[in-house]
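Some notes on the structure that comes next.
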Amino acid sequence: MATLTSIGHAGLFIETSTFTLVFDPWMSPYGAYMGSWFQFPRNDHLDIKSLTSATYVAISHEHLDHMDSWFLEQLSDETTVLIPAYPSDTFANRIRESGVDRIIKINSWEPFPLDNGGSWIMTIPQLSPMFHDSGFLIVTEGRSVLNCNDAKLTASQARRAKHLAGGRLDVMAVQASSSAWHPMCYSYPAEEERRIAMEKRMIKLRAVHRLVRATEPELALPFAGPPCYLDPELRDLNRVLDTEHGAFVHPEAARNWLSEHLPGQAWETLKPGDRLDLRTGEITRDPVSAEFSFTEGVEEYIRRYAEDRAEVLEKIRVEYPEPGPGFPERFVNHFTRLGTLSDYFLEHIDMTVRFEITGPNGGVWDVRMNADGLAIGPATTERPGYTITVRGRWVEPILAGDLAWEDLLLSFRIRLGRDPDVYNGYLVGLLKHANAPALEAVEEYETGRDETERITVTDGDRAFEIARYCPHAGEDLSISAVIEDGKIHCLSHNFAFDLATGACVNARCAPLATREISPS
Ligand code: FES
């Protein structure tokens, strides 16, 4: 009898008669991202032994709320870790650093057998290699689960997964809460932050709505976030959890909105320890988690939770000391190395980024990245396109190679400014991958795309023939976009394109091919 149990956040535990498998366990009492994120609701009452002795642990990507080294260090020697085969070895190497040797990389869309009885798992990567995110499809004992976790799968990918599962998906678990640092880490007036947060919230919900509507699973589970913030320096960020207006949608708020807008679809939410019988659909609720509410007593819950983690937070602070006198030299060397990784990315970044490193041995540097290469030096009077302000103690682990820039961004221990106020995905891509093969894979993908296919869309009484696939990361705009005010908004990452000109109006991105035609 196969069951699926939530272990909190994006973690799921599958138990069958022949094997057990844990997806993306995040159990660490140290939270993630340098003590910034903590599991919400908490999952520390669960029995970790049955998880660390699982037959398999499947990890979708290297974000620290999915790849938990505290958990991996306790894994049984018998457990095999399954990961998607990404273009670089960084992910596998980081898992190895936790003392895990039994790692198997699974190629996209290839079934990997889990037992001798016909059970299998496959990975389904997000289309663009700019994002190392991947869903998992598992089929066992006549049941199927599509675990999308943080991967933004397209409707056609999800439908293909359903087809491969035999035409029926018993459970589709899909992330409904974003976790991005925009707008919270930017200095927007409160009203503007709230407007952007609402916009992002709705984009996320609409994307889940469209994906689930196109896939029609037997049961859809919004899951995988949000986290909460316990460090006194970050506690104010818990405003993102507001049920009505926060940027991060908790699973129950998502389920409420989604079931109202897609009423024919079965929706459920699971808290840590809640167990779903995949054969009968019956759910057994965890008595500890049953005490938790997303809507009542949240402030008090977080206050008590923070008290319980006070010692841990103190330890984390000690683990990340202020940098020594060699910091400036190492900082410059770090960027000099980044400048050698990809001419394609430097050309597309095409801006100056100012780093204001505060605290002992800090400084202010301008990093110019464009078709001429990368140059770093003391700040000048030039107006930077991006400004990144952060304390040196949080940058040290990046220079040491222990963390990635994306970990720092996700820690929210950073202030950002951009002028003009548009997203530069290439800058984030260079910082997050910082690895030549990974950047080459993006270049190959973007320069090798078939740009010729066209679809017709209408905006009121005007009609346009546009490229079918989003110039950002290839989302199919025929099914994953909304049109408003003369713009088409891609639901994958919320880039908006002016239908008349094709220009991307809120991010640095190649234009969308577009041509106005006579309405038919
Ligand atoms: S694929 Fe990213 S915004 Fe369209």
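A few comments on the model shown:
- Note on segment 3-308: Lys pairs 8 or more places apart or on different chains, Cα atoms under 21 Å apart, count 6.
- With the highest mean first, a sort of the peptides 396-404, 277-285, 247-255 on other beta-carbon atoms found within 10 angstrom per residue produces 247-255, 396-404, 277-285.
- Total charge dipole magnitude, segment 327-444, about the Cα centre, Cβ charges on Lys, Arg, Asp, Glu only, Debye to nearest 20: 580
- Rounded if a/c under 1.5, otherwise prolate or oblate - segment 355-482, Cα gyration tensor axes: prolate
- Angstrom value of the Kirkwood radius, inverse mean 1/r, which spans all Cα pairs in the chain: 23.9
- Cα gyration tensor shape of segment 230-305, rounded if a/c is under 1.5, else prolate or oblate by comparing a/b with b/c: oblate
- This model, with +1 at the C-beta of Lys and Arg and -1 at the C-beta of Asp and Glu, gives the chain a dipole about its Cα centre of some 380 debye.
- Segments 161-173, 105-117, 201-213 sorted - mean Cβ within 10 Å per residue, highest first: 201-213, 161-173, 105-117
- GluC sites (Glu not before Pro) lying in DSSP loop within segment 370-444, provided at most 12 other Cβ fall within 10 Å: 382
- Classification of segment 255-350 by its C-alpha gyration tensor yields an oblate form. The axis ratio a/c (a ≥ b ≥ c) is 1.5 or more, and b/c is at least a/b.
Every number in this text was worked out from the coordinates using simple rules, so none of it is lab data. No experiment lies behind these values; they were computed from the predicted model shown. Heads up, the Cβs are rebuilt from the backbone with ideal geometry, glycines too, and the neighbour counts pull from every protein chain shown.
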